[in-house]
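> One structure is given below, represented as structure tokens, and several questions about it will come after.
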There are 2 protein chains.
Amino acid sequence: MDHPTAVLLFDVLASGVRLDAFRLLVKKEPEGMVAGDIAAVLDVPPTNLSFHLKALTQARLLTVEQEGRFQRYRANIPLMLDLIAYLTEECCSGRPEQCANRGLTPNLK
Amino acid sequence: MDHPTAVLLFDVLASGVRLDAFRLLVKKEPEGMVAGDIAAVLDVPPTNLSFHLKALTQARLLTVEQEGRFQRYRANIPLMLDLIAYLTEECCSGRPEQCANRGLTPNLK
DNA sequence: TTGATTATACAACAACTATTGAAATAACGG
DNA sequence: CCGTTATTTCAATAGTTGTTGTATAATCAA
């Protein structure tokens, strides 16, 4: 992952609505959810949610697929893993011992 | 880490100058750097850098310590590790198998 | 104390972002 | 074909963020 991409992803995640939408869709993997259901669960107007879903999709954090009149959104988990790897590398940059043995056991709990 | 904190951290990292400053200071751990040197390396006006360092410091991603006339900044690596753990947990939420065995070996380069 | 240096605070402005309702687009069911 | 439903686009507005120069505060060296 390059730095402009990381900045873009942080920018997109730096919104309560967008972070909530992404987290919701992670929970709903792999079925995903259609836009109206996301709006209902998060209790935001559809027009506003559409704005945020578009931002997430343009940043590739979500994928979207048409299903008749519905738009089904899904979380792009591999991209999030790339972002985590980027952060981890930045954080340890030149000093791997900084990150070692600090309870970074992401796959448990 | 709670969600408002995560949103705040993403917001602060969603800037090229701030992300560069943080990465630079991670590399310079544990000595840190004084504000003027950071401005020189990143080639941004001191007044602008001060604005961004303040944002990073208020979000606790940096610590600052006075040294005579100088302000010495250091990266708060434990907080970044908390953020990484939060992201990892969100990303795996309810579906740990999503994150397992995907090359997430953060401590090796 | 004086003069130079380091850094932050302030003020002004430009640019960007979020939110909303109304309108448009597209697809379904009858 | 027509009304209904799902979603997005558009336009207007309010609020936020980034950048810069100038001014201020604090420290040091002589």
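> Of all helices (runs of 4 or more DSSP H) completely enclosed by segment A:10-97, which ones contain at least 3 residues that are within 11 Å of DNA strand D (Cβ to nearest atom), touching a helix residue (DSSP H, G or I) at 6+ places or on another chain (Cβ under 8 Å) and away from chain B (no Cβ under 13 Å)?
Correct list: A:35-42, A:46-58.
> A follow-up question, please. Residues being buried (at least 18 other Cβ atoms within 10 Å of the Cβ) and of a type in the set (Lys, Arg): count how many of those fall in segment A:27-46.
Summing the residues that are buried (at least 18 other Cβ atoms within 10 Å of the Cβ) and of a type in the set (Lys, Arg) in segment A:27-46 gives 1.
> Still on this structure, please answer the following. Being surrounded by 20 or more Cβ atoms within 10 Å (Cβ to Cβ), out of contact with any Asp or Glu (no Cβ under 8 Å at 6 or more places or on another chain) and within 17 Å of A:CYS91 (Cβ to Cβ) narrows it down to one of B:LEU53, B:LEU24, B:LEU81, so name that one.
B:LEU81
Any read-out appearing in this document is the output of simple, stated calculations on the displayed coordinates, not a laboratory observation. Fair warning: this is a prediction, and the values are worked out from it, not measured in the lab. Note: ideal-geometry Cβ built from the backbone for every residue, glycine included; neighbour counts use all protein chains shown.
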